[in-house]
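Next up is a structure, given as structure tokens.
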Amino acid sequence: MIKSICIAVGSLLFALHLHASEPTAPYHFTSVRIGGGGFVSGLVYHPSAPELLYARTDVGGAYRWDQSSMRWTALTDWVSAADNNLLGIDSLAVDPRDSHRLYLLSGTYNDPRVGNAAVLRSTDRGAHFQRADLPFKMGGNELGRGDGERLAVDPNDGRILFLGSRDAGLWRSGDYGAHWTRVDSFPAVATSPSASAKGWRQQAIGIVFVVFDPTSGSPGKPSSTLYAGVSTKEASLFCSIDGGRTWNPVSGQPTGLRPNHMVRAGDGAYYLSYGDEPGPDRMNDGAVWKYEPATQRWTDITPLPHITGTPSGYGWGAVVVDPRDPNVVMTATFAHYIPKDELFRSTDGGRHWQEIFARSQFDYSDPVWAREHTPHWLASIAIDPHDADRVWFVTGYGVWMSTDMRHADHGGAVHWQFQDRGLEETVALDLISPPQGAHLLSALGDLDGYKHDDLDVAPLQFATPPRYANSESIDFAQNDPSLIVRSGFLRKPFGQATRVAYSKDGGAHWHTFASEPAQAGQGAGSIAVAADGSAVLWFPRDAPNASLTRDFGKHWIPVQGLSPRAHVLSDRIDPKRFYAYDSLARQVFVSRDGGEHFRPITGALGERLKHGSIMQMRAGPDAAGVVYVSGLGLGLLRVHDDGSALTQMGQLANTRDFGFGKSAPGSSLPTVFAAGEYAGVYGLYRSTDDGAHWLRIDDDAHRYGGQRLVTGDPRVFGRVYFATSGRGVFYGDPVEKKRP
């Protein structure tokens, strides 16, 4: 039985007019070129429109491939900060009979602290979207995010869609995704917890794919047969033969493993991949099965030896069939990091397999950093419906493409190119723009960090040693900007390294500190270097206190007076001054003895902090003892470090981040860039007169889910850098400015 509850269509997300009182200045924004770097969780070709390929990512939205320019076009840059949760795409679907229709199942976290999911639907290949809000959450960046596809369009009647949720069962739409109703007849196993605890809560995986049988209907007549798979080790594959009204488990199916993908071949056979865990974090066992409905026969066609009941060490992720040849099947191992995952190809329906990477050549010329990474998390493989030689696969760090796949069928080599131009999915954790040397240095999640001398060229990652999985904090000495420090960490099983490093040549070469302090806690934490480079202050996450060193880790001094969660920073002018802030405790601190002892900053600032939440704190760029604090309920404040002379920087409200850039011509005041609200509109703003006036410099089509880690360039007036929560790093210049 189907519930009568309907979900109304939300408003068009980006068809908003600027507030009448909101001053604006046109800017041009460009991605700082890194070349991918994040998990592309799914690829979907349109079955009939030539070269129409879409990609979904776990935190960076969706993209469409442009074959003429050989780059990806971002489709969700209009998403605002308030709807940032929509940038995790848990599934993607196309209408096989209408190449202009595209659907995105959006929702990054299945978490009570974030908003509900939505279906974003487009009739122009993603140029514009309408939004249908859902009464549940999804998990585009949670376990099982590489499974799929959860969203499917009836190939015979494009009005009909089915959606597999994580914990709310199966849903159906009969009006192109505008309204949705729950299918109550679907088995309850779809709503049960289906993943082991990760962190502080259990993650539900739910229904991971929906697949129609196109031969069970005809154009204009809905398909009667469809399948849905649930991430459970019990009976997991269910079939309906009445258009989704009633469901039953498929007989003879394997149990003991979780399904993650199912694809239909042109001859009516289905191929399914399984793992003991939903992935992508881990998967230790799995299998690939072939199901032939006409005979109800199931065949284990796992490429590598599989001993029943004994973990093989290999999970299995993507599986795909050549749309023009039902005998050509490809699949891949999953979560087998060392030495790499493996890609397999069969030309006889899975009876025999050949390993493709063993006869492959990879082009590492662009980006050059990809040489240091090996394919893993192969959650999706795509074969071009119009060109069997063109094959794609995703990894945890981007997308690879081949244009000569059939060479492997005759003993030849397969060549791969890294195709991530335009697809920037990195997550920066800290940014700096020193007054000399490289214009931008970044600390990144998963990819360590980069020194960008040219913002439009993807460089090597920070030179080793060390190599960190995450660099989380980076700083430079204002009076000696060639001295840079950073903190980071490596994850097991990739080795260990001292979690703090320094460079004396602007980030070209690095050295690890001589040691770590006792009781150094976990993770990377925050790091700051004195204005003259004479001392470095480091506060690792979960450490009982911060530590100070004046000889790059040969000796450490325990710091007194800071709360356990404090984030540290240095004064830009006075080497004896350091600062810190604790967002949860709503406290800020100052040290005037070189970082050894801290005390709270009270006074007028302390009073204001009782009524707001700190988001960011930075030292003034042009005066000692001056700090700026931003936050929810605070706007942007400037205050002396004794708590006096508090100044509200204009009419900005709920300011999340801010930074300083080069003064405007004829002015001695630093340019301030801030992500916050003005006249009720959240955006990226600029002031050249100490906050008296603010200009909005982004627009409704370029919001990127909100800006974070905002800073300006001290050498180029008007230039701003900002990090996003999943769309990489951007730089912006006024449109009237000709770029150097």
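Determine whether region 502-510 contains at least one residue that is over 22 Å from ASP532 (Cβ atoms), at pLDDT 95 or above and crowded, with 20+ Cβ neighbours inside 10 Å. Reasoning before the result, please.
Residues of region 502-510 that are over 22 Å from ASP532 (Cβ atoms), as a first pass: none.
There is no residue in region 502-510 that is over 22 Å from ASP532 (Cβ atoms), at pLDDT 95 or above and crowded, with 20+ Cβ neighbours inside 10 Å.
A further question on this structure: List, please: which pairs have Cβ atoms under 6 Å, are six or more places apart or on different chains, and start with a residue in region 667-686 that is touching a residue at least 24 places away in the same chain (Cβ under 8 Å) and end with one that is β-branched (Val, Ile, Thr)?
THR671/THR688; PHE673/VAL710; PHE673/VAL720; ALA674/THR655; ALA675/VAL710; GLY676/THR655; LEU684/ILE697; ARG686/ILE697
Name the one entry in TYR27, TYR45, TYR63 that is over 21 Å from ALA428 (Cβ atoms) and of a type in the set (Ser, Thr, Tyr).
Values: TYR27 fails: over 21 Å from ALA428 (Cβ atoms); TYR63 fails: over 21 Å from ALA428 (Cβ atoms).
After ruling out the rest, the residue left standing is TYR45.
Within region 530-549, take every residue that is part of a loop (DSSP other than H, G, I, E, B) and not small (Gly, Ala, Ser) and give me the one that is nearest to the chain's Cα centre (by Cα). Can you show your working first?
First pass over region 530-549, keeping only residues part of a loop (DSSP other than H, G, I, E, B): 530-535, 542-546.
With the extra rule that they be not small (Gly, Ala, Ser), the set shrinks to 532, 542, 544-545.
Numbers: ASP532: 36, ASP542: 25, PRO544: 31, ASN545: 31 Å.
Ranking the candidates gives ASP542 first.
Could you look through region 583-603, keep only residues that are of a type outside the set (A, V, I, L, M, F, W, C) and touching a helix residue (DSSP H, G or I) at 6+ places or on another chain (Cβ under 9 Å), and pick out the one that is farthest from GLN616 (Cα to Cα)?
Per the stated criteria, the residue is PRO600.
Tell me which residues, restricted to region 609-618, are open to solvent by less than 10 Å² (accessible area, probe 1.4 Å) and either under 23 Å from VAL529 (Cβ atoms) or modelled with pLDDT of 95 or more (or both).
ILE614, MET617, listed by residue number.
Take region 521-549 and flag every residue that is open to solvent by less than 30 Å² (accessible area, probe 1.4 Å), in contact (Cβ under 8 Å) with a residue 24 or more places away in the chain and among the small types (Gly, Ala, Ser).
GLY523, ALA524, GLY525, SER526, ALA528, ALA530, ALA531, GLY533, ALA535, ALA543, ALA546, SER547
So, in region 49-78, how many residues would count as being touching a helix residue (DSSP H, G or I) at 6+ places or on another chain (Cβ under 8 Å) and closer than 15 Å to THR403 by Cα?
0
Confirm whether GLY705 is touching a helix residue (DSSP H, G or I) at 6+ places or on another chain (Cβ under 9 Å) and of a type outside the set (S, T, N, Q). Spell out how you get there, then give the answer.
On the way: touching a helix residue (DSSP H, G or I) at 6+ places or on another chain (Cβ under 9 Å): yes; of a type outside the set (S, T, N, Q): yes.
Considered against the rule, which asks whether it is touching a helix residue (DSSP H, G or I) at 6+ places or on another chain (Cβ under 9 Å) and of a type outside the set (S, T, N, Q), GLY705 comes out as yes.
Could you grab me the full set of residues in region 432-446 that are within 15 Å of VAL485 (Cβ to Cβ) and under 17 Å from the mean Cα position of the chain (by Cα)?
SER442, ALA443 - these are the residues of region 432-446 that are within 15 Å of VAL485 (Cβ to Cβ) and under 17 Å from the mean Cα position of the chain (by Cα).
Looking at region 521-533 only, could you name the residues that are modelled with pLDDT of 95 or more and aliphatic (A, V, I, L, M)?
ILE527, ALA528, VAL529, ALA530, ALA531
Here are some conditions: (1) open to solvent by 10 Å² or more (accessible area, probe 1.4 Å); (2) among the β-branched types (Val, Ile, Thr); (3) modelled with pLDDT of 95 or more. VAL114 meets all but one. Which one does it not meet?
So the condition that VAL114 fails would be (3).
May I ask you to list the residues in region 63-83 that are open to solvent by less than 30 Å² (accessible area, probe 1.4 Å) and over 10 Å from LEU423 (Cβ atoms)?
LEU75, THR76, ASP77, TRP78, VAL79, SER80, ALA81
Considering only region 94-103, I want to know if a residue exists there that is among the hydroxyl-bearing types (Ser, Thr, Tyr), in contact (Cβ under 8 Å) with a residue 12 or more places away in the chain, open to solvent by less than 10 Å² (accessible area, probe 1.4 Å) and more than 14 Å from VAL211 (Cα to Cα).
Yes, because at least one residue in region 94-103 is among the hydroxyl-bearing types (Ser, Thr, Tyr), in contact (Cβ under 8 Å) with a residue 12 or more places away in the chain, open to solvent by less than 10 Å² (accessible area, probe 1.4 Å) and more than 14 Å from VAL211 (Cα to Cα).
Continuing with this model, one more query. Tell me, which residue of region 679-692 that is open to solvent by 30 Å² or more (accessible area, probe 1.4 Å) and in contact with a strand residue (DSSP E or B) (Cβ under 6 Å, 6 or more places away or on another chain) is farthest from PHE129 (Cα to Cα)?
Per the stated criteria, the residue is THR688.
Continuing with this model, one more query. Which ones in region 156-188 are open to solvent by 50 Å² or more (accessible area, probe 1.4 Å), under 18 Å from PRO96 (Cα atoms) and assigned to a loop (DSSP other than H, G, I, E, B)? Step through it out loud before you land on a result.
Within region 156-188, the first condition is being open to solvent by 50 Å² or more (accessible area, probe 1.4 Å), and the residues that meet it are 159, 167, 172, 175-176, 179, 182, 184, 188.
In the following step, the residues that additionally are under 18 Å from PRO96 (Cα atoms) were identified as 159, 172, 175-176.
Selection gives ARG159, ASP175, TYR176.
If I ask for residues that are open to solvent by 30 Å² or more (accessible area, probe 1.4 Å) and touching a Ser or Thr at 6+ places or on another chain (Cβ under 7 Å), which ones from region 704-715 would you list? Spell out how you get there, then give the answer.
Looking only at region 704-715, we keep the residues that are open to solvent by 30 Å² or more (accessible area, probe 1.4 Å), and these are 708, 714-715.
Hits for region 704-715 are ARG708, PRO714.
Being surrounded by 15 or more Cβ atoms within 10 Å (Cβ to Cβ) and either among the small types (Gly, Ala, Ser) or modelled with pLDDT of 95 or more (or both) is the requirement here; does HIS28 meet it? Give the steps one after another, and end with the answer.
Numbers: surrounded by 15 or more Cβ atoms within 10 Å (Cβ to Cβ): no; either among the small types (Gly, Ala, Ser) or modelled with pLDDT of 95 or more (or both): yes.
So HIS28 does not fit the description; no.
A further question on this structure: Looking at HIS386, HIS410, which one is over 30 Å from the mean Cα position of the chain (by Cα), closer than 20 Å to TRP72 by Cα and not basic (Lys, Arg)? I'd like the intermediate steps shown before the answer.
On the way: HIS410 fails: closer than 20 Å to TRP72 by Cα.
Selected residue: HIS386, the only one of HIS386, HIS410 that is over 30 Å from the mean Cα position of the chain (by Cα), closer than 20 Å to TRP72 by Cα and not basic (Lys, Arg).
Find the residue count for region 658-677, including only residues that are closer than 25 Å to ARG592 by Cα, surrounded by 23 or more Cβ atoms within 10 Å (Cβ to Cβ) and not small (Gly, Ala, Ser).
Number of matching residues: 2.
So which residues in region 444-474 are out of contact with any Ser or Thr (no Cβ under 9 Å at 6 or more places or on another chain) and among the charged types (D, E, K, R), if there are any at all?
ASP453, ASP454, ARG467
A further question on this structure: Can you pull out the strands (runs of 3 or more DSSP E) entirely within region 24-91 that have at least 2 residues that are of a type in the set (Val, Ile, Thr), within 20 Å of VAL208 (Cα to Cα) and touching a residue at least 60 places away in the same chain (Cβ under 8 Å)?
So the answer is 40-45.
A further question follows. Kindly list the number of the only condition in (1) modelled with pLDDT under 95; (2) open to solvent by 40 Å² or more (accessible area, probe 1.4 Å); (3) closer than 30 Å to ARG282 by Cβ that fails for ALA518.
Every condition holds for ALA518 apart from (3).
Can you list residue pairs whose Cβ atoms sit under 8 Å apart, with the first residue in region 322-347 being surrounded by fewer than 16 Cβ atoms within 10 Å (Cβ to Cβ) and the second being not in a loop (DSSP other than H, G, I, E, B)? Count only pairs 6 or more apart in sequence or on different chains.
Pairs found: LYS340/PHE357.
The values are calculated or read from the model by the stated rules, or taken from the named source; none is laboratory data. Note that this is a predicted model, so its numbers are computed, not measured. Using ideal geometry, Cβ is built from the backbone for each residue, glycine included, and neighbour counts are taken over all protein chains shown. To get the accessible areas, we keep the full protein, side chains included, count just its heavy atoms, and leave off ligands, DNA and RNA. Shrake-Rupley method; radii C 1.70, N 1.55, O 1.52, S 1.80 Å.
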